[in-house]
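Here's the structure, in structure tokens; my notes come after.
Please treat every number below as a calculation from the coordinates, not as lab data. Treat the numbers as computed from the prediction; the structure is a model and nothing was measured.
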Amino acid sequence: MSAMGKFYIYDNWLRSTALVHAGACRNCKFGQGKHSLNDDARRIDRWLGPFPSRGKAMTAAGLLRRRNTRHAKCCMVAESAAAQLADEARREAQSDGG
């Protein structure tokens, strides 16, 4: 499984939230997250994964039965921007080639 195909679930049981993140997300960092791993005394969350697809991660997140289960907005925005850049590059390459 390539790094680009990895997805993780951020599970916060205090807030009853499960968010699916792309592994490369700045908040996820391939399941490492933003917070210190040494802060176990106050841990209210965890990262689960990796999952090979967004769909499999969403299915697993649903099994957690959190009130708020969804795709992380930060990843959706980043993926949308990356897709737009790829589309522009493809169109530009096609127009240059012919």
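Worth a mention:
- Applying the Karplus relation 6.51 cos²θ - 1.76 cosθ + 1.60 with θ = phi - 60° to the range 9-16 yields 3J(HN,Hα) values of 10, 8, 10, 10, 6, 5, 8, 6 Hz, where x marks Gly and Pro.
- Calculated from backbone phi, Karplus (6.51, -1.76, 1.60) coupling profile of the range 62-76 in Hz, x at Gly/Pro: x, 5, 6, 6, 8, 4, 10, 10, 6, 6, 5, 4, 4, 6, 5
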